[in-house]
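The values are calculated or read from the model by the stated rules, or taken from the named source; none is laboratory data. Only a predicted model underlies this, so the values are computations on that prediction, with no experimental measurement involved. Positions of Cβ are backbone-derived with ideal geometry, glycine not excepted, and every protein chain shown enters the neighbour counts. Just the protein is used for accessible areas: all its heavy atoms, side chains included, with ligands, DNA and RNA removed. Shrake-Rupley method; radii C 1.70, N 1.55, O 1.52, S 1.80 Å.
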Amino acid sequence: MEPFKNLIIDEFRDKAKGFAATEFKFSHSGNIKIDKLSKIPLKNDIIKVKVTFIDKDFNTLLTSTLSFENNVLSKTTAKKMVNVAPKELENRFNVAKKSIVSLIMDEYMEKLSDIQTKINDLKSYYGESGIIPHEFKGEQVKIAEDNNGKNKSKFDM
């Protein structure tokens with residue numbers, strides 16, 4: 001992954017002079033296009049790489065997005081490349097693709113876990129049968145988990 005990131009940094013180094021740090025964000029999307037000749041729908045996977053250059057005072061110097069459609073740079077992105085050959089960047093992308101996909105997957109799994117926690121909390125609040133018993137009057141009391149004996153008072157008898 002580092003050679004891929006370094007190649008992107010080399011491409012934008014001239015535009016972001018004096019940068020102190022970079023931030024990379026990856027995203028995945030998909031779309032379906034119909035082939036003009038055969039009229040067959042084709043699925044396109046798009047990976048977008050957003051790079052942000054930041055100076056030592058935490059000001060954003062430059063933000064740019066590279067788009068890879070089915071592992072190939074989009075034509076508009078390839079035409080804008082000045083310092084790096086588009087084919088070389090595509091080769092480095094293909095080497096780093098597994099790491100990039102795992103980063104995106106980890107981010108989605110974290111979001112899924114957060115949403116599942118919120119759903120479970122809402123189900124717990126709503127109750128099993130859908131009606132909160134009169135004894136609770138809308139308040140729910142949960143007992144905190146035991147810390148395996150930590151913070152317990154011990155008494156000698």
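Here Asn120 meets each of (1) in a helix (DSSP H, G or I); (2) at pLDDT below 60 with one exception, condition (2).
Any residue that is open to solvent by 70 Å² or more (accessible area, probe 1.4 Å), within 20 Å of the chain's Cα centre (by Cα) and among the acidic types (Asp, Glu) - is there at least one of those in segment 21-28?
Our first condition is that a residue be open to solvent by 70 Å² or more (accessible area, probe 1.4 Å); within segment 21-28, this holds for 23, 25, 28.
Then drop every residue that is not within 20 Å of the chain's Cα centre (by Cα), which leaves 23, 25, 28.
Of the ones still in play, those that are also among the acidic types (Asp, Glu) are 23.
Yes, the conditions are met somewhere in segment 21-28.
Among Asp35, Asp45, Asp14, which is open to solvent by 50 Å² or more (accessible area, probe 1.4 Å), among the charged types (D, E, K, R) and touching a residue at least 40 places away in the same chain (Cβ under 8 Å)? Matching residue, one of Asp35, Asp45, Asp14: Asp14. Only one of the numbered conditions (1) touching a helix residue (DSSP H, G or I) at 6+ places or on another chain (Cβ under 8 Å); (2) within 15 Å of Ile9 (Cα to Cα); (3) not in a helix (DSSP H, G or I) is not met by Arg92, and that is (3).
Somewhere in segment 55-70, is a residue free of Cβ contacts under 8 Å to residues at least 60 places away in the same chain, in a helix (DSSP H, G or I) and open to solvent by 40 Å² or more (accessible area, probe 1.4 Å)? Scanning segment 55-70, I find no residue that is free of Cβ contacts under 8 Å to residues at least 60 places away in the same chain, in a helix (DSSP H, G or I) and open to solvent by 40 Å² or more (accessible area, probe 1.4 Å), so the answer is no. Looking only at residues that are hydrophobic (A, V, I, L, M, F, W, C) and free of Cβ contacts under 8 Å to residues at least 12 places away in the same chain in segment 71-113, which one is surrounded by the most Cβ atoms within 10 Å (Cβ to Cβ)? The residue in question is Ala78. Residues in segment 77-85 include none that are outside any helix (DSSP H, G or I), in contact with a Pro (Cβ under 9 Å, 6 or more places away or on another chain) and under 21 Å from Thr22 (Cβ atoms).
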